Each structure stands twice: as structure tokens, then as C-alpha cells.
């Protein structure tokens with residue numbers, strides 16, 4: 001099919017001053033003040049959502065990533081136009097970043113719809129930013145790609161390799177238990193978060209980046225390149241180029257990508273990763289935005305035959321940079337190919353099965369990824385529970401829990417606030 005000519009988003013803007021001709025004239029007059037001429041404005045306009053904030057240290061190096069995406073857009077003949085949205089830094093947002101996820105989704109969705117653009121690239125990374133951006137994308141008819149800042153690199157302290165945030169809790173537990181004194185825990189603090197980027201383990205940020213790639217809303221290989229590495233910046237350029245191509249091709253809206261088979265693939269990969277329990281909450285929200293009827297119980301049934309296959313903390317011993325060096329999410333998908341729906345089509349426009357067919361089989365050096373035949377752990381890395389304590393359901397990450405507590409009899413403490421829980425634990 002021949003590519004469709006991309007009509008200028010500037011001229012299709014819904015902003016009106018009564019006379020449509022005058023409205024177009026006025027928009028171009030004001031954009032001329034920013035240095036844009038008609039040649040610029042007749043190109044496909046690509047909005048780039050920027051979530052840089054001094055309060056979001058994970059996104060510290062986003063300016064470099066932004067420039068790489070802009071370069072890709074320009075190389076492909078598009079016009080990049082950045083715009084800000086809410087930025088949710090997990091550590092500094094009170095009382096919890098989850099309170100603002102839906103607000104960020106609304107903010108992002110409304111900006112995509114309100115501003116004149118033919119397509120959008122959403123730059124995120126930290127825990128709730130990616131789910132919010134996926135929710136926003138699912139609610140628009142414009143082509144959208146996500147690009148994350150990437151995971152941080154690990155640090156080192158007294159011979160220990162460290163990375164947020166699994167090691168943060170471990171060291172703090174040692175401090176509370178009297179193993180590390182105040183000077184030691186302070187010294188270690190400088191190596192826990194060694195660089196910019198999202199947490200180095202398979203926490204919420206890494207999980208949601210990985211699942212975004214599986215869903216097809218991110219180009220292959222985009223979840224694992226470390227923040228501000230050359231690989232991360234090169235992926236940003238590819239994303240910039242591809243979004244312009246998608247616009248010229250007529251642009252599949254996100255709902256064409258976010259299908260039920262895509263979500264079922266994501267659930268299976270979530271199990272193989274031993275990913276964050278928060279992913280269940282986020283995937284359900286994205287699915288509902290996409291018009292997919294997804295139930296909590298399906299996280300058990302869909303992934304019933306998928307074992308733990310990725311050796312990353314907290315379920316394993318390694319970090320995101322190790323998964324990247326082992327081939328990233330494409331290598332995980334290759335191992336899981338026999339359990340996946342290979343007919344799904346993501347941002348590349350190519351069937352998943354065709355993409356995986358070009359990948360080599362697992363090699364011994366890919367140490368962060370195991371095989372279905374020799375997995376790291378049994379199926380059920382995440383389990384959905386229901387009972388008198390949680391009639392609407394609860395989730396436990398069995399792959400990172402203490403096995404001797406899987407069956408336990410004891411008192412149930414009913415509390416009203418987090419402070420009460422702390423007092424009981426102490």
C-alpha cells in the first residue's frame with residue numbers, strides 16, 4: 001500500500017478564532033516567531049512528551065534522550081515539538097505516586113489531543129510514568145510510541161555490587177538489625193543509586209518498560225539499554241525515525257496494537273521475569289482504557305505454564321544491565337516463543353513471530369536468561385490470592401518470598417495506617 005501523504009497537523013488544529021482561514025493564518029504567524037516556516041510546518045508534526053523534573057532523579061539524563069529522539073524525527077523528515085507533562089518521581093512524590101497516576105494519564109492524553117500533532121513519542125521511565133503514558137496512548141487515535149530513560153548502572157561498596165532498590169531495603173535491614181552502623185550505612189548510600197536511570201532491579205519501572213516492549217508500544221530492544229548509554233541514545237533515534245514512518249503509513253492507533261493477545265503475551269512475560277506485583281494493577285488499567293476485558297484471575301491462568309526464567313533481583317541475583325547484555329526482552333521472547341501468540345503486530349508493523357525468527361538461539365553467555373527446560377524457578381512467580389483477608393484479591397511474588405511462609409497460621413493484625421504497621425513490626 002502506498003504511503004499516505006501526511007496533512008499538516010498545524011492546519012488541522014481544533015483551535016478556532018471564528019474564521020478557519022484566519023485561525024490557520026494566526027497559528028502560522030505565532031509559530032513564525034519561533035523560527036518555523038511553511039516548509040517546517042508542512043512536515044509530519046511529532047509531539048514529544050517530556051517528563052524531566054529536578055524532583056525525578058531517574059529522569060536526570062532525559063535531555064540527551066530527548067535530543068536523540070528529535071534527531072530521529074528530523075532525519076525522517078518530521079518536525080519535533082516537545083511539550084511538558086506531569087512527572088512522577090517515585091521517591092519524592094507525597095503521599096504516594098500512585099495517587100497521581102491517573103492524573104498524569106489524563107494530562108498526557110489531553111495534551112496529545114489538544115496540541116496539533118500527527119503522532120507522539122512519550123518519554124518516561126520512573127514507576128508510574130510508563131503506566132500513565134500507556135493509559136493515555138490507549139485513549140488516542142494518533143500513532144504513539146513510548147521511549148524510557150533506561151535503568152541505572154550498578155555501584156559497588158566494599159566488594160558488594162549494589163543497585164536500587166532491592167539492595168536499599170537489604171542494607172537498611174542490616175542497619176536496623178545492628179549489622180551496619182550509621183557511618184557504614186551512610187557510606188553505602190552513595191553507591192546504591194550510582195547513576196541516572198530507573199531502578200536497577202526488576203521492580204515496577206523495569207517491569208513496565210519490559211511489558212511496554214512486549215505489548216508493542218515500544219520498539220524492540222528498548223526496555224533494557226542503560227540510561228544515557230550509547231545504546232539508549234541510538235534507540236531514541238530509531239524511535240524518532242519510526243514514529244514519522246508510522247504517520248506517513250497512515251499510523252496504526254494504539255488500540256490496534258493493544259489487543260487481547262498482546263496483553264496475554266505480556267502476562268506470560270511478566271511471569272517469566274518475576275516482575276513487579278504492581279504490574280497487575282497497571283496492566284488492568286491500561287487494558288480497560290484499550291477496551292479489553294481483562295480479569296485479575298487471568299494473571300494466574302494465562303501464565304500457568306510459564307516458569308521464572310530471568311535471574312534478576314529480587315527473584316534472582318543480577319541486574320537490568322545484565323539482562324541487557326544477555327539480549328534484553330527480545331531474547332526472553334525468543335525463549336518463550338512456543339508459549340506466545342506470534343501473530344501480534346506492534347510498532348514495527350511486523351508480526352512477532354517474524355521478528356523472533358531472525359534472532360539466534362540462546363548462547364551460554366546469556367547468563368541472565370534461562371530456558372523453559374531449565375528455568376530459574378517453577379511457574380507461579382506471581383500468585384493471585386483470595387480469601388477472608390482479601391475478598392477482592394491480593395497478589396504475592398512467590399519467586400521473591402520466603403517459602404516457609406507460603407503456608408502459615410498466625411494472628412491477623414487489622415490496622416488503619418502505615419504507621420500502625422511499623423509499630424507492630426518493631
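The values are calculated or read from the model by the stated rules, or taken from the named source; none is laboratory data. As the structure is a prediction and not an experimental result, all values here were calculated from the model. Virtual Cβ from ideal backbone geometry, glycine too; neighbours counted across all protein chains shown.
Descriptive notes on the structure:
- Only residues that are more than 31 Å from the chain's Cα centre (by Cα), within 26 Å of residue 242 (Cβ to Cβ) and at pLDDT 90 or above were counted across the stretch 1-34, and they come to 2.
- Scanning the stretch 158-169 turns up no residue that is part of a strand (DSSP E or B), within 17 Å of residue 106 (Cα to Cα) and in contact with a strand residue (DSSP E or B) (Cβ under 6 Å, 6 or more places away or on another chain).
- Qualifying positions in the stretch 154-177 - farther than 24 Å from residue 397 by Cα and in contact with a helix residue (DSSP H, G or I) (Cβ under 9 Å, 6 or more places away or on another chain): 155, 156, 157, 158, 160, 175
- If you go through the stretch 71-90 and keep only what is surrounded by fewer than 15 Cβ atoms within 10 Å (Cβ to Cβ) and either more than 30 Å from residue 36 (Cβ to Cβ) or in contact with a helix residue (DSSP H, G or I) (Cβ under 7 Å, 6 or more places away or on another chain) (or both), you end up with 75, 77.
- Restricting the search to helices (runs of 4 or more DSSP H) fully inside the stretch 9-93 and requiring at least 1 residues that are in contact with a strand residue (DSSP E or B) (Cβ under 8 Å, 6 or more places away or on another chain), touching a residue at least 24 places away in the same chain (Cβ under 8 Å) and under 28 Å from residue 238 (Cβ atoms) gives 38-41, 62-75.
- Of all residues in the stretch 311-334 being without any contact (Cβ under 8 Å) to a residue 40 or more places away in the chain and surrounded by fewer than 23 Cβ atoms within 10 Å (Cβ to Cβ), the one that is nearest to the chain's Cα centre (by Cα): 334
- The one condition in (1) in contact with a helix residue (DSSP H, G or I) (Cβ under 9 Å, 6 or more places away or on another chain); (2) surrounded by fewer than 21 Cβ atoms within 10 Å (Cβ to Cβ); (3) farther than 22 Å from residue 317 by Cβ that residue 230 fails to fulfil: (1)
- Matching option when the condition is free of Cβ contacts under 8 Å to residues at least 12 places away in the same chain, assigned to a helix (DSSP H, G or I) and at negative phi, among 234, 189: 189
- Residues in the stretch 94-128 that are more than 27 Å from residue 64 (Cβ to Cβ) and in a helix (DSSP H, G or I): 98, 99, 102, 103, 106, 110, 113, 114.
- If you go through the stretch 344-359 and pick out every residue that is modelled with pLDDT of 95 or more, out of contact with any helix residue (DSSP H, G or I) (no Cβ under 7 Å at 6 or more places or on another chain) and either assigned to a loop (DSSP other than H, G, I, E, B) or surrounded by fewer than 17 Cβ atoms within 10 Å (Cβ to Cβ) (or both), you end up with 6.
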